[in-house]
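Okay, so here's the structure we're looking at.
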């Protein structure tokens, strides 16, 4: 079975892990031979990069106890027997009987691996401020018949509209079908404002180019078009984290990329557990290094017609 080689990419000492994995040789991605231990090694290697996007915020998990080819289920609530490093969270507006899930450190992430988590989907807000998002995600989901270059062009248009509104824009592969354009926010606007802003932008793009874009999830309207999915930007919704693996063939990951390299990306699943560290080692700088400093608020003035 292939073994992920992280030695050249991460010469520095890796963080210590206190969580003991049971059945470390259990295969999670049979097609490429990635095991539970291999997944833990990958997440340990990328921990400094993934941590800001998954710690101290509610998480939804895609769990696959028998691996990628077995039964899948989403887990949003704490469960009996979960690892002690996974933290139960109390949503101030939620049901007191149903704890949500969070982590605070690497051992929490190892607890997720132990729990057969193959995808990590965080909220767009931290548990320090549940009701004011600090991240906006525009998910570009191509319908049948859409060429990959059209998805790249769509991402560039979303970037232009976000920047015209005063927000910064970063891009990552989804590891699934498309691209995610992500804006770091100051947690000032509430969820309603974030949803209104992103919905208005999606509608404007669909109105300006109805042959290219749709803003509704109806599959009947999506053939040959790209869905501008704004629904990640509402309370309780989630989106796959940067650097998260996906429960798909090849063990792809959702990889942050630079705008200048977007035209060289061959598809949404180009980066995988087996090649991610080689990619990261080859970078001169992290393409998302300015993400925290680039946070700007959504303002009332932005809501009328974003990007115009």
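Within region 276-287, can you find the residues that are in contact (Cβ under 8 Å) with a residue 60 or more places away in the chain and either under 14 Å from residue 151 (Cα atoms) or surrounded by fewer than 20 Cβ atoms within 10 Å (Cβ to Cβ) (or both)?
Step one: list which residues in region 276-287 are in contact (Cβ under 8 Å) with a residue 60 or more places away in the chain, which gives 276-278, 280-281, 286-287.
If the condition is that a residue be in contact (Cβ under 8 Å) with a residue 60 or more places away in the chain and either under 14 Å from residue 151 (Cα atoms) or surrounded by fewer than 20 Cβ atoms within 10 Å (Cβ to Cβ) (or both), then 278, 280, 281, 286, 287 are the ones that fit.
For region 160-176, check the following and say yes or no: at least one residue is over 25 Å from residue 236 (Cβ atoms), in a helix (DSSP H, G or I) and touching a helix residue (DSSP H, G or I) at 6+ places or on another chain (Cβ under 9 Å).
yes
Pairs, please: C-beta under 7 Å, at least 6 apart or cross-chain, first residue on the phi > 0 side of the Ramachandran plot and assigned to a loop (DSSP other than H, G, I, E, B) and in region 10-29, second surrounded by 11 or more Cβ atoms within 10 Å (Cβ to Cβ) and modelled with pLDDT of 75 or more?
Going by the 7 Å Cβ cut-off, the qualifying pairs are 23/36.
Only one residue in 284, 235 is farther than 15 Å from residue 175 by Cβ, assigned to a loop (DSSP other than H, G, I, E, B) and touching a helix residue (DSSP H, G or I) at 6+ places or on another chain (Cβ under 7 Å). Which one? Can you show your working first?
Working: 284 fails: touching a helix residue (DSSP H, G or I) at 6+ places or on another chain (Cβ under 7 Å).
The match here is 235.
Would it be correct to say that residue 37 is at pLDDT 75 or above, within 23 Å of the chain's Cα centre (by Cα) and more than 15 Å from residue 253 (Cβ to Cβ)?
yes
Please state which of the following conditions residue 59 fails to meet, knowing it meets all the rest: (1) within 17 Å of residue 252 (Cα to Cα); (2) touching a strand residue (DSSP E or B) at 6+ places or on another chain (Cβ under 9 Å); (3) modelled with pLDDT of 95 or more; (4) surrounded by 17 or more Cβ atoms within 10 Å (Cβ to Cβ).
Against the list (1) within 17 Å of residue 252 (Cα to Cα); (2) touching a strand residue (DSSP E or B) at 6+ places or on another chain (Cβ under 9 Å); (3) modelled with pLDDT of 95 or more; (4) surrounded by 17 or more Cβ atoms within 10 Å (Cβ to Cβ), residue 59 comes up short only on (1).
Could you check region 67-76 and list, in sequence order, the residues that are touching a strand residue (DSSP E or B) at 6+ places or on another chain (Cβ under 9 Å) and either surrounded by 15 or more Cβ atoms within 10 Å (Cβ to Cβ) or within 16 Å of residue 251 (Cβ to Cβ) (or both)?
Once the filter is applied, which keeps residues that are touching a strand residue (DSSP E or B) at 6+ places or on another chain (Cβ under 9 Å) and either surrounded by 15 or more Cβ atoms within 10 Å (Cβ to Cβ) or within 16 Å of residue 251 (Cβ to Cβ) (or both), region 67-76 yields 67, 68, 69, 72, 75, 76.
Which residues, counting only those in region 262-275, are over 17 Å from the mean Cα position of the chain (by Cα), more than 14 Å from residue 159 (Cβ to Cβ) and touching a residue at least 24 places away in the same chain (Cβ under 8 Å)? Full working, then the answer.
Of all residues in region 262-275, those over 17 Å from the mean Cα position of the chain (by Cα) come to 262-266, 274-275.
Restricting the remaining residues to those that are more than 14 Å from residue 159 (Cβ to Cβ) gives 264-266, 274-275.
Answer for region 262-275, where residues must be over 17 Å from the mean Cα position of the chain (by Cα), more than 14 Å from residue 159 (Cβ to Cβ) and touching a residue at least 24 places away in the same chain (Cβ under 8 Å): 265, 266, 274.
Within region 288-297, is there a residue that is under 26 Å from residue 73 (Cβ atoms) and part of a strand (DSSP E or B)?
Looking only at region 288-297, we keep the residues that are under 26 Å from residue 73 (Cβ atoms), and these are none.
No; the residues of region 288-297 include none that is under 26 Å from residue 73 (Cβ atoms) and part of a strand (DSSP E or B).
Residue by residue, here is whether (1) under 18 Å from residue 241 (Cβ atoms); (2) out of contact with any strand residue (DSSP E or B) (no Cβ under 8 Å at 6 or more places or on another chain); (3) surrounded by 14 or more Cβ atoms within 10 Å (Cβ to Cβ) holds:
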| position | (1), (2), (3) |
| --- | --- |
| 36 | no, no, yes |
| 46 | yes, yes, yes |
| 64 | yes, no, yes |
| 84 | no, yes, no |
| 105 | yes, yes, yes |
| 116 | yes, no, yes |
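Can you pull out the residues in region 216-249 that are under 18 Å from residue 150 (Cβ atoms) and modelled with pLDDT of 95 or more?
Result: 225, 226, 227, 228, 229.
The values are calculated or read from the model by the stated rules, or taken from the named source; none is laboratory data. Since we're looking at a predicted model, the values are computed, not measured. Neighbour counts run over all protein chains shown; Cβ positions are idealised from the backbone, glycine included.
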